[in-house]
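J.: Below you'll find the structure I mean.
The values are calculated or read from the model by the stated rules, or taken from the named source; none is laboratory data. The structure presented is a predicted model; accordingly, all values stated were derived computationally and were not measured. All Cβ positions, glycine included, derive from the backbone under ideal geometry; neighbour counts span all protein chains shown. With ligands, DNA and RNA removed, areas are computed over all heavy atoms of the protein, side chains included. Shrake-Rupley method; radii C 1.70, N 1.55, O 1.52, S 1.80 Å.
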Amino acid sequence: MPLIQRLKLLLRQPQTWVALGLVGLFEALFIHWFSPGLTGILLSAGVAAAVAFSWPPVMLRSREFAELLIAHARQMNDKRREFIERLDADLERLGAGQAREQLQLLGGNLDNLTAGLRQRVDSGEVTYARYAGTAEQVYLAALDNLQEIAVALTSVSTIDEAYIRRRMQELERIAARSEAQQQELGSLAERLALRDRQRQKVERLIGENEQAMTVLDNTAGALADVRMQAGHAAMSTREAIRELEQLAGRSGRYAA
């Protein structure tokens, strides 16, 4: 989960507001009881601010917050399932066979990696939350790509390429075209160009998803090899995780 989303989740927790409230209360009581003067007030305010600002970093690395992230992810499963079902139906309607196959495979890629993490790292550890969260962001970004594919294909779904080319050939055979016929020819060419651009976009997004699936599989494989080759596998695992994080870092959607 990106840092901004984690902070928002942290701010929604009652213990955060209790902690901040206690800091404010102790500051007010200190000033009321000791009347320290301007310098003392500024110093005490600085201490209170330091304590308040230390709360998020401490909590974000705590076991309790890691468990909270896992629980939050479970709550999102139902919404995600509905989204995937709608997306699958859209891709099937649009005849996007490869994109639809990626949609079906991506969940398995993520599940394999998550299972490997559970076997190698305790689910309450910060390391687990970090790597599982990064893997999930890669997965979610791939879903976003599939959604973009559906939008791109929908935008050109009514463009009949065979009709356009046939009509263009008819117009091009006219030696002395009228202004209206010339405009029609230009419009037809624009529609073909739009279709080509959307096709290229779809191909690029498909390629990005194949890369994401490969990185997820490589990371899961590296985790599986840990016990087999203790020295080499540990390095391979770190390299695989690094590759996963680098992939996540190349998109604002992934960025943690």
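J.: Would you mind stating whether Arg177 is among the basic types (Lys, Arg) and in a helix (DSSP H, G or I)? Working first, answer last.
T.: Working: among the basic types (Lys, Arg): yes; in a helix (DSSP H, G or I): no.
No: the conditions fail for Arg177.
J.: Considering Glu203, Glu172, Glu208, Glu148, which residue is more than 26 Å from Ala99 (Cα to Cα), open to solvent by 60 Å² or more (accessible area, probe 1.4 Å) and among the acidic types (Asp, Glu)?
T.: Numbers: Glu203 fails: more than 26 Å from Ala99 (Cα to Cα); Glu208 fails: more than 26 Å from Ala99 (Cα to Cα); Glu148 fails: more than 26 Å from Ala99 (Cα to Cα).
Residue meeting the stated conditions: Glu172.
J.: Given the conditions (1) at pLDDT below 85; (2) acidic (Asp, Glu); (3) surrounded by 11 or more Cβ atoms within 10 Å (Cβ to Cβ), and given that Asp88 satisfies all but one, which numbered condition is not satisfied?
T.: (1)
J.: Looking at segment 98-129, which of its residues are open to solvent by less than 20 Å² (accessible area, probe 1.4 Å), modelled with pLDDT under 80 and in a helix (DSSP H, G or I)?
T.: Residues satisfying the conditions are Leu117, Tyr128.
J.: Which of the helices (runs of 4 or more DSSP H) found entirely inside segment 1-60 contain at least 1 residues meeting this: at pLDDT 80 or above and within 42 Å of the chain's Cα centre (by Cα)? If you could, list the steps in order and put the result at the bottom.
T.: Values: elements: 3-11, 14-34, 37-60.
Per the criteria, 14-34, 37-60.
J.: Do you know which residues across segment 64-81 are modelled with pLDDT of 70 or more and basic (Lys, Arg)?
T.: Lys79, Arg80, Arg81
J.: Could you please find all residues in segment 14-36 being over 25 Å from Leu68 (Cβ atoms) and surrounded by fewer than 10 Cβ atoms within 10 Å (Cβ to Cβ)?
T.: Those that are over 25 Å from Leu68 (Cβ atoms) and surrounded by fewer than 10 Cβ atoms within 10 Å (Cβ to Cβ): His32, Trp33, Ser35.
J.: List pairs: first in segment 175-189 and more than 13 Å from Tyr163 (Cα to Cα), second surrounded by 11 or more Cβ atoms within 10 Å (Cβ to Cβ), Cβ under 6 Å, 6+ apart or cross-chain?
T.: If the second residue must be surrounded by 11 or more Cβ atoms within 10 Å (Cβ to Cβ), the pairs left are Gln181/Leu171.
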